[in-house]
Structures are given as structure tokens and as C-alpha cells.
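Single-structure report; data block below.
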Amino acid sequence: MGWLLITGVAVLWAGGAGAEVGMRALAFTDPSDGGMARAVVWYPTNAPETPVRRGPFTLRVAEGGPVTKGRHPLVVVSHGSGGSAFGHADTAMALARRGYVVAAVHHRGNAFDDDRDAGTERMWRNRPAQLSAMLDHILAEPELADRLDGERVGALGFSAGGYTVLVAAGGIAELGRIAAHCRTPPVGERFCHLGNEEAEARVEAHDPRIRAALLMAPVGVPFSKDGLAGVTIPIRLYRAERDEQVAASQVEELRDRLPVPPDYDVVRDAGHFAFMMPIPAAIAAEIGPPAWDPPGFDRAAFHERLNAEIADFFDRALAIERQGR
């Protein structure tokens, strides 16, 4: 539901007007067991960018550069099951060029390099707690805290990350709904292949600091209408028309259950992984499903539109004023 690209090299030369992009890695305490979890932060900087290699990714960033002066809005990011903090790097960098600080959690226990909790109650319970713990850390980090506007915090989630953001936004997840869904899953939906264990727990972890949420192909089945009653912040919701992982019904029923109608967009001809960063064709075969798109779908072109739409949504939802617009 968001596997990391573990072979080859994805090269990201994020262009566009605005500030240079800085990047740094952080560690914070995982509230589930006290272990150390990780995050990656992108932000506007005046330091020069250089190519930086991180695993399969080469990014053009100013590693460790200072954050530009001022108080910047913050967006926190939750990747899909088995994914990586780098899975939406191009979107994070586009937001950084618009003046945002973007912090992506690397979900310990449900990432490409540590997926021991996949499909378990621990996975569904720990993800929202990790997102909020990262936010705690970011807002207290000495080199970042005085550059952040804690009143303007948004959240972005993909797939299982969409579930994570919904819980943080005030949703109450009923894990028994997952097992019930997977007893008779929609034809062709791979979501249930995650190995979801039978669980009846409720997951509730509202983080009122989050003022707006953007959800891409989210896991929606754990949420009833009553469970979503507390989600009253602005939401933008995307569904991939040809999603092979999360059935259309999951996203559409989620849309219809939200108490405040979200901005809603069906991305024509897109597969589930269309929301992850574009991967060069030369290494797509090695990368596997996260690099694959339905025939004729241009992920790079889509991301030019997607990244602009995401920035525009957060500008509106967080009341960000920009000159000349």
C-alpha cells in the first residue's frame, strides 16, 4: 500500500520559482515503546542546493541549511503501509518552495525497512500516535520551533497514511470494520492482502493542532458515519480511478460519511501509486508496483498539477495570504 522504492535510483530535480529547499533528518521517541523513530523535514532556505543521495533517491537540496526567517506553516506527512518518508518527496519540496515546512514521518513498524506490524492492531494504533509524536518534536526542535506557525498546521496522508491523518483529524476508527470488509472484499481489491488481523479495538487519537487534511487514496473502511462526526476541518480527498489497492467504495463511502463535504477529485486513469513521487522509466521495472501506472497515464504531468493543487488547498484552508494572487 506504499512500498518504498528499494532498488535503483530515483533522481528528483525539483524545479520551480521560490526559495531553495533545505532538508534534514530528525529522530524522535516512538510513544508505542520508547524506541527511536525517524522523520525527514523539507523547508525553504537561502543555502545553495546540491545533489544528495539517500538510498534510492537523489535529491537536489541544501542539506542541513538554515530555515529562512519568518514563521512558516507546517504540513505533516504520513506514508502508505510499507512505505517511506521519501515517498512524497517531490510534493514536500514543492510545498517548501511555497514557504511551507514539511515533516514526513517514517512509520516505525510499518515502513519498507521495518514492516513487522503490517496489518496488525499495533499498526493501526501506532500510526496516529507516531504522527502526533513527530509533531510534538518538530514544534519543540530548537532549530525549527521559532520558524514555525503552530496555528497553521496541515496534514497529508496517502493510503494507510490517509487513515492515519483521519484519526489525527478527529476520526474514531473501528478496527472490526476492517475484518468485516475483508470477509467479502470488492473484486480485485488488494487492500485485504495486507493480512489484516481480526481486531475489535477502537482507535481514537485526535490532534487538534491539525487544521486541514489532504487525503490521497485513503483507507476509509474503519470509519463509520458516527466515527467521522468529529472531523470538521477542511479536507481535500482524491481517488484514483483505476486503484488496484483500495476499492472505489472505500473512498466514496468515506466522502459521503464526512460531516463537512470535502473537496473531491477522481484522478482519471490513475492507479493507486500515482500519488507517490514519479520514478524514471529506466528503473521502473526494478522498483516494482510503486513505479507502475496504467498504460497512458503520465505520473510526472499529473504531479505538476497535483502539487499545485495541494499547495493551493493548504493556502486556502490555513488562510495563507500570498502577494500577487
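Listed by position, the helices (runs of 4 or more DSSP H) inside the range 242-325 whose residues that are farther than 19 Å from SER159 by Cα number at least 1 are 281-287, 299-317. Could you count how many residues in the range 193-210 are out of contact with any Gly (no Cβ under 7 Å at 6 or more places or on another chain) and assigned to a helix (DSSP H, G or I)? Residues in the range 193-210 being out of contact with any Gly (no Cβ under 7 Å at 6 or more places or on another chain) and assigned to a helix (DSSP H, G or I): 1 in total. Hey, could you check the range 179-192 for residues that are more than 21 Å from the chain's Cα centre (by Cα) and part of a helix (DSSP H, G or I) and say which is surrounded by the most Cβ atoms within 10 Å (Cβ to Cβ)? Going through the qualifying residues, I end up with HIS181. When restricted to residues that are among the small types (Gly, Ala, Ser) and at pLDDT below 95, the range 304-324 contains 2.
Scan the range 156-171 and give yes if some residue there is modelled with pLDDT under 95 and either of a type in the set (Phe, Trp, Tyr) or within 17 Å of the chain's Cα centre (by Cα) (or both), otherwise no. No, the range 156-171 contains no residue that is modelled with pLDDT under 95 and either of a type in the set (Phe, Trp, Tyr) or within 17 Å of the chain's Cα centre (by Cα) (or both).
For the range 44-56: of the residues being out of contact with any Ser or Thr (no Cβ under 9 Å at 6 or more places or on another chain) and assigned to a strand (DSSP E or B), which is surrounded by the most Cβ atoms within 10 Å (Cβ to Cβ)? Steps first, answer last, please.
Taking the range 44-56 first, the residues out of contact with any Ser or Thr (no Cβ under 9 Å at 6 or more places or on another chain) are 47-50, 53-54.
This time we only want the ones that are assigned to a strand (DSSP E or B), so: 50, 53-54.
Details: THR50: 11, ARG53: 10, ARG54: 17.
So, considering only residues that are out of contact with any Ser or Thr (no Cβ under 9 Å at 6 or more places or on another chain) and assigned to a strand (DSSP E or B), the one surrounded by the most Cβ atoms within 10 Å (Cβ to Cβ) is ARG54.
Do we have VAL41 as buried (at least 20 other Cβ atoms within 10 Å of the Cβ), under 18 Å from the mean Cα position of the chain (by Cα) and modelled with pLDDT of 95 or more here? When the stated conditions are applied, VAL41 passes them.
Number of residues in the range 66-75 that are buried (at least 20 other Cβ atoms within 10 Å of the Cβ) and part of a loop (DSSP other than H, G, I, E, B) equals 1.
The values are calculated or read from the model by the stated rules, or taken from the named source; none is laboratory data. Bear in mind that the values here come from a model prediction, so they are computed numbers and not experimental data. Neighbour counts run over all protein chains shown; Cβ positions are idealised from the backbone, glycine included.
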